[in-house]
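Read the structure below first, then the notes.
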Amino acid sequence: MDHFFRRKRVGLLKPLLSLSLVFASFLMIQKLKLSEKDGVGVKHPRDGGWCGSECFSFKKTVVKSGSETSDSAVLSNNLDAERVSNGTPASWDAQVLNCSEDASVRTRDWFRRLDPRFHQFVLHRHCRYFPMLINHPEKCADGEVHLLMVVKSVIEQHDRREAVRKTWGKEHTVDGRKIKTLFLLGSPATGKDTNNLQKLIEYEDMIYGDILQWDFMDTFFNLTLKEVNFLKWFDIYCSGVQFIFKGDDDVFVNTHNLLELIGFKVEEQKKADLFVGDTITKAIPIRNRQSKYYIPKELYDKPYPPYVGGGGFLMSSQLARKLFVVSEGLELYPIDDVFLGMCLQKLHMTPEMHPGFRTFGITRRRVSPMNSEPCFYKDLIVVHKLSAQDLRRMWIVVHNENLVCAQKISI
């Protein structure tokens, strides 16, 4: 995978980016100081320099939030002891990264014909679990989390994370049902101001305590690493949660409708193998070399199994545990939502289609006024794709008591 190979930067970093990072660092530090004055518990940044993806063999110290003597930590330790007795790792055990390429692949005829941009992915496809830079084992320690909101993001998208925290990702309790939120991040990609960006994300996590970060480069091909590393993390630290919503940081989620859907599935006793979203069936690999989703025949040459759009989907904890187990026996695939479809196929399951999940937008015609009509958002569950500003604006409008929709809208 390309997370092992950082190309030397060409030219100087744009002055505007450096100034922005310095200014952002100042603002984050000031916000942190205010949080400390208010008595908000924070953790200390990692000591010493940060070793990036160019390091082939190194050891990381896992960063944890909260006091070790807190009630959460005690509960977490009890859970750890129980998991050890069941043969499951009690903590994140991928502390040392020493994963060289699989040189035997280079001798195969299909590899010689393979598009060069996929070479590093294939050579390092066996590199599955990575050291954690930021961890929150206490997130589900009380065993009472009803819904875990898990959001894929990258370091630079701070504005999107802020918008999510202030809207559908806000941690709260609804009718006794506790909702928690986590953001999944890798490390800065090639050519980024890695040291400053890493410090910024550490400060951000000190304030909010809702980030999980692994030491692999945040690239498109590595999105599948977020899936498998999260599934392992969930199995260790958070298996007691009841439901998981997993989505991108640029979607609108109507949490009221999402909780209603969960309630219906519980009443119908259909929660055990719940996996629902915007299902895509009879899809085939895209052969257009210009496409972001291009897959050469040498890598995969058959129709895709049914899968859901990765913008947002809902699953039960029981199924998440099954996905973790079966995922360990499958080769990684560079498109993360298709990879989950492959895992479901291995379980002889098909994801459930639900019209409330619109991971391609309300309509694929971006100029359509339907995409900005709040009454649609009021009736749907997930809509993709919105900017941070549009997400905040739509959230306010949809939750305005004066919003009147003449009738339930169907699309």
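So the values come out like this:
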read-out	value
When residues of the range 205-232 are limited to those that are in contact with a Phe, Trp or Tyr (Cβ under 7 Å, 6 or more places away or on another chain) and in a helix (DSSP H, G or I), the one nearest to Asp273 (Cα to Cα)	Leu231
Residue within the range 380-390 that is more than 27 Å from Ile284 (Cα to Cα) and among the acidic types (Asp, Glu) present	yes
Matching residues, the range 233-256, being under 25 Å from Gln157 (Cβ atoms), part of a helix (DSSP H, G or I) and not hydroxyl-bearing (Ser, Thr, Tyr)	Trp233, Phe234
Residue that is modelled with the lowest pLDDT, among those in the range 64-118 that are loosely packed, with under 12 Cβ neighbours inside 10 Å, within 30 Å of Ile295 (Cβ to Cβ) and not charged (D, E, K, R)	Asn98
Residues that are β-branched (Val, Ile, Thr), in contact (Cβ under 8 Å) with a residue 40 or more places away in the chain and under 30 Å from Asn400 (Cα atoms), drawn from the range 251-306	Val251, Val253, Thr255, Ile262, Val276
Test result for Val276, under 13 Å from Ser316 (Cα atoms) and in contact with a Pro (Cβ under 8 Å, 6 or more places away or on another chain)	yes
Pairs where the first residue, in the range 95-111, is under 24 Å from Pro296 (Cβ atoms) and the second is modelled with pLDDT of 95 or more and part of a strand (DSSP E or B), C-beta under 6 Å, 6+ apart	none
Residue check, Leu148 surrounded by 21 or more Cβ atoms within 10 Å (Cβ to Cβ), closer than 16 Å to Phe245 by Cα and either within 13 Å of the chain's Cα centre (by Cα) or without any contact (Cβ under 8 Å) to a residue 24 or more places away in the chain (or both)	yes
Where a residue in the range 125-145 is under 16 Å from Leu223 (Cα atoms) and its partner, wherever it lies, is surrounded by 18 or more Cβ atoms within 10 Å (Cβ to Cβ) and of a type in the set (Phe, Trp, Tyr), with Cβ under 6 Å and at least six apart	Phe130/Trp214; Phe130/Phe216; Met132/Trp92; Met132/Trp214
Yes/no for Leu225 being at negative phi, surrounded by fewer than 23 Cβ atoms within 10 Å (Cβ to Cβ) and touching a residue at least 40 places away in the same chain (Cβ under 8 Å)	no
Those helices (runs of 4 or more DSSP H) lying entirely in the range 291-385 with at least 3 residues buried (at least 20 other Cβ atoms within 10 Å of the Cβ)	317-327, 336-346
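The values are calculated or read from the model by the stated rules, or taken from the named source; none is laboratory data. The structure presented is a predicted model; accordingly, all values stated were derived computationally and were not measured. Cβ sites come from the backbone with ideal geometry, for glycine too, and all protein chains shown count toward neighbours.
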